[in-house]
Structure formats: C-alpha cells, structure tokens
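Just so it is clear, none of the values below were taken in a lab; they were calculated from the coordinates. Fair warning: this is a prediction, and the values are worked out from it, not measured in the lab. Cβ coordinates were reconstructed from backbone atoms using ideal geometry, including for glycine residues, and neighbour counts include every protein chain displayed.
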Amino acid sequence: MPRITDVHPTRSLRTPSGLTAAIDLDMAPVIQALWDRKLTTLMSCQDVGEAMASGGMWPVPKRWHAFLRGYAWLKMPLDDAHALMETLSLNEQFAPRLTTKADDGWDSKVWLGPEGLADYSNIYFPKGQLPDLATVLA
C-alpha cells in the first residue's frame, strides 16, 4: 500500500497516549477538543477530497475526489463517533446538520464487508464548519 503523505500544513499534537501526531492545521483544534473529551480519533483530514486528488491518500476512484472536495473527515471508533453525534445533537447549531438532507449536512459511513460491520465510522462534514465545531466541543 502506498504511503499516505501530508497534503495540508500540519501541527504536532501530543496524543492522549503521549505520542506525537501531525494533524492538519485546520483540523487540529477539533482533534484536540475531541481528545480533551476522551474521544478517540483514528484518522482525520481537513479536506479529504483535496487530499485524494493530490495523492495524499491511498488510491481511490477519481469520482470521490470531486464528491468529497470541501469536506473534512474524521475516522473514529463506533462508540466514540456515536458519543460525538449525541453531543452535537444537543447543540442547536449542529443538530440540524447531522443529516445528509441538510444543505450543510453531515454524512457518516460504517463499512460493511463479508466479515461484518467495521468497528469504526467515517464522518464527513463541510470543512467550513471546523471553527464552529472546535468552539462547540471546547
């Protein structure tokens, strides 16, 4: 598998386990706020479509490049992703966005394969919401 490379400027953050991780600059406040809430993140990107198109992700079909351009991405264990959604459902600014039916809505996917459901969720939302999300979570 090709190496995933940084496409966006990053900032080093100390993970809850004490390691250092390079986090996309615009995503860093959200990731820090999630970690402060004891929620686990597995991967993230401040504009996943842009990263895909720039070769910073594993190979994906080109249709996803444009489809996800402008969307931030969080990959989280299911329990933590659910806790995030529960928290945001109580916020009047974010509650209406937690549906793909909203113009500025969120989308989440849990991969299903022959072995069953994945134990993580991929969450996608407009990257313009990153500052507000960081504020709400802090």
Point to revise | Of all residues making up the range 89-133, the number that are in a helix (DSSP H, G or I) and in contact with an Asp or Glu (Cβ under 9 Å, 6 or more places away or on another chain) | key: 7
Study note, to complete from the structure: With the first residue restricted to the range 14-29 and required to be free of Cβ contacts under 8 Å to residues at least 12 places away in the same chain, and the second required to be part of a loop (DSSP other than H, G, I, E, B), Cβ contacts under 8 Å at 6 or more apart or on different chains are Ala21/Thr15
